[in-house]
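Values in this text are rule-based calculations from the coordinates and carry no lab data. Being a predicted model, the structure only gives us computed values, none of them experimental. Please note: Cβ atoms are built from the backbone with ideal geometry, for glycine as well, and neighbour counts cover all protein chains shown.
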Protein chains: 4
Amino acid sequence: MSTKATAVLLIHCPDQKGIVAAVTDFLQHNNGNVISLEQHVDPNLAHFFMRVEWELAGFTIEREKIEDYFSTLVARRFGMSHQLHFTDRNPRMAIFVSKASHCFYDILQRYSSGEWQVEIPIIISNHESLGPIAERFGIDYRVFPITKQTKAEQEEQELALLRELDVDFVVLARYMQILSDDFCAQLPNQIINIHHSFLPAFKGARPYHSAYERGVKVIGATSHYVTSDLDEGPIIAQDVTHVSHRDEPKELVRKGKDIEKRVLSQAIRAQLEHKILPFGNKTIVFH
Amino acid sequence: MSTKATAVLLIHCPDQKGIVAAVTDFLQHNNGNVISLEQHVDPNLAHFFMRVEWELAGFTIEREKIEDYFSTLVARRFGMSHQLHFTDRNPRMAIFVSKASHCFYDILQRYSSGEWQVEIPIIISNHESLGPIAERFGIDYRVFPITKQTKAEQEEQELALLRELDVDFVVLARYMQILSDDFCAQLPNQIINIHHSFLPAFKGARPYHSAYERGVKVIGATSHYVTSDLDEGPIIAQDVTHVSHRDEPKELVRKGKDIEKRVLSQAIRAQLEHKILPFGNKTIVFH
Amino acid sequence: MSTKATAVLLIHCPDQKGIVAAVTDFLQHNNGNVISLEQHVDPNLAHFFMRVEWELAGFTIEREKIEDYFSTLVARRFGMSHQLHFTDRNPRMAIFVSKASHCFYDILQRYSSGEWQVEIPIIISNHESLGPIAERFGIDYRVFPITKQTKAEQEEQELALLRELDVDFVVLARYMQILSDDFCAQLPNQIINIHHSFLPAFKGARPYHSAYERGVKVIGATSHYVTSDLDEGPIIAQDVTHVSHRDEPKELVRKGKDIEKRVLSQAIRAQLEHKILPFGNKTIVFH
Amino acid sequence: MSTKATAVLLIHCPDQKGIVAAVTDFLQHNNGNVISLEQHVDPNLAHFFMRVEWELAGFTIEREKIEDYFSTLVARRFGMSHQLHFTDRNPRMAIFVSKASHCFYDILQRYSSGEWQVEIPIIISNHESLGPIAERFGIDYRVFPITKQTKAEQEEQELALLRELDVDFVVLARYMQILSDDFCAQLPNQIINIHHSFLPAFKGARPYHSAYERGVKVIGATSHYVTSDLDEGPIIAQDVTHVSHRDEPKELVRKGKDIEKRVLSQAIRAQLEHKILPFGNKTIVFH
C-alpha cells in the first residue's frame, strides 16, 4: 500500500476497443502518474474490468471534481460503472461477532499493529462475551440480543447505527446469526462473511461435522459477500488444509480456525485496498 | 518401499485392550522383525485399525501358513478382519481409459521408470485412440465399445478378462463411462477413480464448468473407491490449486489435469503399498 | 488431545527386535489401555523411536512408580532413553518477546481461548512495549534490558526466574536478541525459536530482504530448537507461501508474518502434546 | 491462450509518466483490440515493465512493420527495451536430457496432447538411454557424449545445431552436465533449468541428500534461467512439498520429482506465452 495519497478507480463496462487508452489518456492529460493498472476481459460475457491507481500529487483536477470529470469525459462514452476511492481516507469497517474469538483477535491484532489502514468505529454482537476484548482495544462494543421476536427491530437499529457511524462495510467474524433478507439488501456487496467450508461443499450449519462424516481429506474456508441467498454470495477468497482419518471433528474445528483467520483477513485486505469488483455472482480480485 | 521381502497385515476390529501387544507378541515369538507399525483408534466408532509390516527373512512361520496361524492365534480372539500381503509379489493393476491421456502417461511413466512395484497386465478402453501409446509401453490394450445395448455384455467380458488376468484392482484413469452397479459390486474397494473436483462439491459431469459458474477460488480433484453411488465412495486422496477470475473453463481444465495426475498417483501408490484400509464410507490411509 | 488423564512415553534406542512387543506387553500386563502408538525406525542410523500414550485410569502401577518400573523392566534391557509425561499436568511455557506483536497475540489468543493445555507463568522481554498486552491477558511481564555489558548478568537472572517458576520450555516469539551459548546450553531442546525464512536459506538477519534481493518465488518460516549454532538447531516445522515480483520487502514481511504465526503455533502444539523427539540435529515429530 | 492471432509486446524502461497511455494510444490509433495488458513498476529501481497483447485482425499496421513503427513512434521516446512476438508462430524449443525420464515424459505428454503451442525440433542428450522414447514421439534425438576433452567441441556442435534448427530456447530437463560459460553466454535468458531444491538452499549436487542431512520439513524445486553462475540465475518458478522424518533420501527424490515436473512445466508455459521478462537477476512473470 502506497504511503502517498493516491486515487483508485474501479471500472467495468461492455468490452470494446479503446477503453484502456481512453482512461490512461484522461490521466496522462491531467498529469496523473499511474502507480498500477490492471485490467481483465471476460471473453464469455464480453465484459471489461479495470482497476487503476494514480498519484494525487500533481494531478491537475481537484479531487472533488474527479468524479464529475471522469463521468462526463470517459465513463458515459463507454457505458461504464465506476467507483472512485482515495487511499488517504481509511475505510470504516464494522465487525459483527458472537462468541468465537479467533477471527476477532486476528483482526484486532492486524488493526492495532498498523498492518491495515482502517477505522473500526464499532463492534456489534448478539452476546456480551467478547466485550472485554473490544474494551482492551479501545473500540466501542454494542450488544443487540436477537430473538425471533426482536430480530427485525434489532436489525433496524443496527442499520441505523452503521449509517450514523458512516460505516463502509461490515465483517461477519463468525457471527452466528443469519441476517434477514432486508438487512442484506440494504448493504449489497458491503457485508463480508467467513464460512467454515470450501463452498459450495458443506453449506449451512456444522460444516466440519459434515466433512468428518463424508471422510474428506481436505477442509477449507470461504470468504464471500453476503446475499439473501445463504452461503451463495460472490466468493472473494478460499483456502484449504489437508486432514486425515486421525482428525476428529474437534481437530477439524481447530485446524479450520487457522484457515478461517487467513481467508477472512485476505478478503478484508482486498476490500480495504479497493481491489474487489463484484459482478453478477462472482468477484474480480485484482492484485 | 523396502527392497527386502516383507509381510504386511492390515487389521481392524472393535477397540479393546491388548490388541497391539497380542499382534507384536505373535511376531516377536516367531522371530519377526517389525519394520513399521501404525495404529489408529476411532473413538466415535470405538474401532481399532492397524498396519504392521515385518521382514520375512528369519520369520519362523512359512509364508503360506501365516494366514492360518494368525487367524487362529490372534484374529479370532479379537474378532478381527484382516488382510495379509507379501511385498515381493507385485500387485496387478488394470487401467481403464477413454481419450484423455494426461493421467495415462503419468501412470505409464511411473510404471516404466520403476517408481512403482506393479504389474499392468491390461489396459481397457471404450475407444481406440490411446492404443498406440499402450503399444509403445508394451502393454496389452483391449477395446470394449460401450452402448446402452451392449453395456451389460461388455462389462461381463471385462470382468471375465480381469479375473482371467488375476487383476487385483482397477484404476479408472479418466474413464468416461459410468460402471453399472453390478460391475461395482463385483469389485468392492478394488476400483479407484479420479474425479475432477474436490468432492462433495461439483459431483457429476463437467465439474470445472460448474466451478467456473460458481466463481470459486480453488479447484481440486478427488481419488476414491467406486461404489454404486456415483461420486460417493470412500475418499482416498484430495488436493486443490488456487484459481482466479482470469481462469476460463479451459484454463481450469488445464490446471485441474495436473491435480488429477498428482492425486490419482498418490492413491495408486497407497494402494500398491497396502496402506489403505476402507471402513464404512471412509478410508484409513497409513503413512 | 484426550480429556482423560493419560501417560505419554517418548522412547528411543538402537533398533532391535521385540521393542514394541516389550513396551506393549508392559502396558498390557498392567492393564493399560493404549490410546495411540507410533513408532519410527531410521534405517540409516539403525535407531528406533516411539511414542505411546495410554489411559491412567485402571493402570495398575501408581503414576509415581511408572518411571522406576519402566526403567527397570523395559528400558535397561534395550538401552533406551525415555521421557514420561502426564497429560493432566499442563506444561509451563515462558514467552520471550521484543517489539513485534503478531506471534505474541496469536499465542495469547490460543492460550486464552483454551485451544492449548498450557500454563504461561511469565513473559520476558528486552523492551517495555508489549507489557500492556500481557497485562490485558493477566500474565506477568518482566523486562530485562540487554546491553553488551549486562547480557551475562541479565541472562543469569532470566534463568533463575525460569527455574523458580518451574518452566518446562521457552518460546522465542520473534525475540530479537541472540542468546548466549551458556544460556542455550542450560536449556537443551527446551527453547523453540521462529526464524523468518525457510532454513537453511537466508540464515541470520533480514531474511526477507535477502529473499527480495534473490528474487525468490516462495518465502517461508522455520521453527526450530535453539542451539549455540545460530539458525542451525533441529527443525520442528516449516511452511512457505508463494510471492511474486510485485512483492516489495514490506509485502514479504507482511506475508511472512502469517507463516511465522502458523509455523510457531504448530511447533508449540507439538511440544505441548509431547510429540517431538529431538535426535542429533533432527526431530521426529509424531502425529 | 487465445486461438486468434495476436501480437505480444514485452516492454521495460525507466519509469516515467505516460507510458501506458502512449502504448495504448499507439494500439488504439491503429485499430488494435487489446486482449490483455499488465504492467508493473519496481519502486526501488524506478523501472517500468509491461506486457500487452492485442488482436492482429483489423490492426492497420502490417505485422512486419509493427516492430519498426513501434520503435520509432513509442519506444525511442521512453528509452524502452522491447520484444515483439506473434502467437500464431509456435516457439521452437530444444530439450536437453540425460537419463532421468520424469520431466521428459511430462513435457512430451503436454506437447503431444496439444496442451502447449510449441515445436520441438530436437532433443539433445549426453546418453543414448532416452532415445527410444523420443522416437516414439517422433522427435529427432541427437547424442553428444561429453568428456572433459570433448566438451568444448561438442558444445560448439550443439550450438550450431540449435542455430540451424532456429531454436528459440533450450530446456534442461534434468540434464546432468554443467554447461560452459561460453555456451551460457551465447544463449542469455534462453536456457531454462530445473534445479531440485528451493534455491538458494542446497545449491550444487545432491540437494535431496543435503536436505535429508539437515532434517528439513519441506523440499522444493526451482526453475531458472541459466547463467554462468551455477544455480544463481533469475528464478522463474518455485514450489515445495512437505516431508517428514519418515522420508529417507530415496523418498525425497521420489516426492521431489513430482515438484520438478510441475515447476518446470510452469516455467515452460510462461516462456511459451511470452510472459517472462528477465531483468537483472530477477524475473517479472506476468499472468
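Are any of the pairs C:99/C:261; B:99/B:261; D:151/D:261; D:151/D:203 more than 18 Å apart by Cα-Cα distance, and if so, which? Please report the intermediate quantities before stating the final value.
Working: C:99/C:261 15 Å; B:99/B:261 15 Å; D:151/D:261 28 Å; D:151/D:203 23 Å.
Beyond 18 Å between Cα atoms: D:151/D:261; D:151/D:203.
Per residue of the range C:277-286, what does 6.51 cos²θ - 1.76 cosθ + 1.60 with θ = phi - 60° give for ³J(HN,Hα)? Whole Hz please, x for Gly and Pro, Karplus curve as stated.
10, x, 8, x, 9, 10, 10, 9, 10, 6
Counting DSSP beta bridges in the protein assembly as shown, what percent are antiparallel, to the nearest 5?
70 percent
Hey, what angle do you get for helix D:102-112 against the long axis of chain D, alpha-carbon based, 0 to 90 degrees rounded to 10?
For D:102-112 against chain D, the angle is about 40 degrees.
Take the alpha-carbon centre of the range C:194-219, take the same for the range B:28-44, and report the distance between them in whole Å.
42 Å
Would you list, by chain and number, the aspartates and glutamates whose Cα falls below 15 Å from the Cα of residue D:217, excluding same-chain residues fewer than 8 positions away?
Those aspartates and glutamates meeting the cut-off are C:231, C:232, C:239, C:260, D:239, D:247, D:248, D:251.
Would you mind giving the mean number of other chain beta-carbons within 10 Å of the Cβ of each residue in B:127-139, as a whole number? Spell out each step's value before the answer.
Details: counts 0, 0, 0, 0, 0, 1, 3, 0, 1, 5, 1, 0, 0.
Mean inter-chain Cβ contacts per residue within 10 Å come to 1.
Give the span of the range C:81-138's Cα atoms along each principal axis, as three whole-Å numbers ordered largest to smallest.
For the range C:81-138, the Cα extents along the three principal axes come out at 41, 26, 17 Å.
Sticking with the crude label model, points 7 Å out along Cα→Cβ, report the distance from residue B:214 to residue A:281 in nm, one decimal please.
1.0 nm
From the label point of residue C:79, set 7 Å from Cα along Cα→Cβ, how far away are the matching label points in the other copies, in nm, ordered shortest to longest?
Sorted ascending, the copy-to-copy spacings read 4.4, 7.1, 8.3 nm.
Nearest the rotation axis from A to D, which residue of chain A has its beta carbon, and at what whole-angstrom distance?
Nearest to the symmetry axis by Cβ: A:24, 3.
Ranked by Cβ crowding within 10 angstrom, fewest neighbours first, how are B:250, B:255 ordered?
Ascending number of Cβ neighbours within 10 Å: B:250, B:255.
In the structure shown, do any of C:257/D:257; B:250/D:4; A:4/D:275 have a Cα-Cα gap over 19 Å, and if so which?
Numbers: C:257/D:257 30 Å; B:250/D:4 15 Å; A:4/D:275 30 Å.
With Cα atoms farther than 19 Å apart: C:257/D:257; A:4/D:275.
Percent relative contact order of the range B:6-86, based on C-alpha pairs within less than 8 angstrom and at least six residues apart? Provide the component values of the computation, followed by the final result.
Working: 124 pairs, mean separation 38.3, N = 81.
Reported as a whole number, the value is 47 percent.
In whole percent, what relative contact order does the range D:26-183 give with Cα contacts below 8 Å and a gap of six or more residues? All intermediate terms of the calculation are to be shown ahead of the outcome.
Numbers: 183 pairs, mean separation 32.6, N = 158.
Relative CO of the range D:26-183 lands at 21 percent.
In deg cm²/dmol, rounded to 500, what helix-only [θ] at 222 nm does the protein assembly as shown give when every DSSP H run of at least 4 residues adds -39500 (n - 2.57) and the total is split over its residues? Present the calculation step by step, with values, prior to reporting the outcome.
Values: 32 runs with 352 residues, N = 1148.
When only DSSP H runs of four or more count, the value is -9500 deg cm²/dmol.
Given the convex hull of the Cα atoms of the protein assembly as shown, what is a quarter of its surface area in nm²? Walk me through the intermediate numbers first.
Values: hull surface 194.6 nm².
The orientation-averaged projected area of the Cα hull of the protein assembly as shown comes to 48.7 nm².
Between copies, how close do the residue A:152 label points come, placed 7 Å along Cα→Cβ, listed in nm from shortest?
6.0, 7.9, 9.3
Based on the mean of other beta carbon atoms within 10 Å per residue, what is the order of C:90-98, A:263-271, C:181-189, most packed first?
Values: C:90-98: 20.7, A:263-271: 23.0, C:181-189: 15.7.
Those peptides, ordered most packed to least, come out A:263-271, C:90-98, C:181-189.
Could you give me the percent of Cα pairs per 10 Å distance bin for the range A:222-287, shortest bin first, beginning at zero and ending with the bin that holds the maximum distance?
It works out to 20, 42, 27, 11, 0, in whole percents.
Evaluate the Debye formula for the range B:92-285 with equal point scatterers sitting on the alpha carbons, no solvent, and hand back log10 of I(q)/I(0) at q = 0.08 Å⁻¹, in q order, two decimals.
Computed log10 I(q)/I(0) values: -0.25.
Computed over the Cα atoms of the range D:19-109, what is the convex hull's projected area averaged over all directions, in nm²? Could you put the intermediate results ahead of the total?
Numbers: hull surface 35.9 nm².
Spelled out: convex hull of the Cα atoms, projected over all directions, averaged, 9.0 nm².
Quick check for me: using +1 on Lys/Arg Cβ and -1 on Asp/Glu Cβ, what's the dipole size of the range D:6-86 about its Cα centre, in debye to the nearest 20?
Details: 6 positive and 10 negative charges, 39 e Å.
The calculation lands at about 180 debye.
Once phi is turned into θ = phi - 60°, what whole-Hz ³J(HN,Hα) does the Karplus curve with 6.51, -1.76 and 1.60 give for every residue of the range D:228-237, x standing for Gly and Pro?
5, 8, 4, 6, 10, x, x, 7, 9, 8
Note the full-extension length gain between residue B:81 and residue B:63 as 0.36 nm times their separation in residues minus their Cα-Cα distance, in nm to one decimal.
Numbers: separation 18, 0.36 × 18 = 6.48 nm, distance 1.88 nm.
Value of the extension gain: 4.6 nm.
Counting only DSSP beta bridges with both residues in chain C, what percent are antiparallel, rounded to the nearest 5?
Here the share of antiparallel DSSP bridges comes out near 70 percent.
Applying the Karplus parametrisation 6.51 cos²θ - 1.76 cosθ + 1.60 with θ = phi - 60° to the phi angles of the range C:213-225, what ³J(HN,Hα) value in whole Hz is obtained for each residue in order, glycine and proline being reported as x?
Whole-Hz 3J(HN,Hα) from phi for the range C:213-225: 4, 7, x, 6, 10, 9, 10, x, 9, 9, 9, 8, 6.
Using the 7 Å Cα-to-Cβ label point, sort the distances from residue D:131 to its equivalents in the other copies shortest first and give them in nm to one decimal.
The answer, with the shortest distance listed first, is 3.0, 7.9, 8.5 nm.
Distances over 19 Å make up what percent of all Cα-Cα pairs in the range D:57-160? List each step's numbers first, then the result.
Working: 3207 of 5356 pairs.
Beyond 19 Å sits 60 percent of the P(r) for the range D:57-160.
Based on other C-beta atoms within 10 Å, arrange A:196, A:82 from fewest to most. Can you show the working numbers first?
Details: A:196 23, A:82 17.
Arranged by neighbour count, lowest to highest, A:196, A:82 become A:82, A:196.
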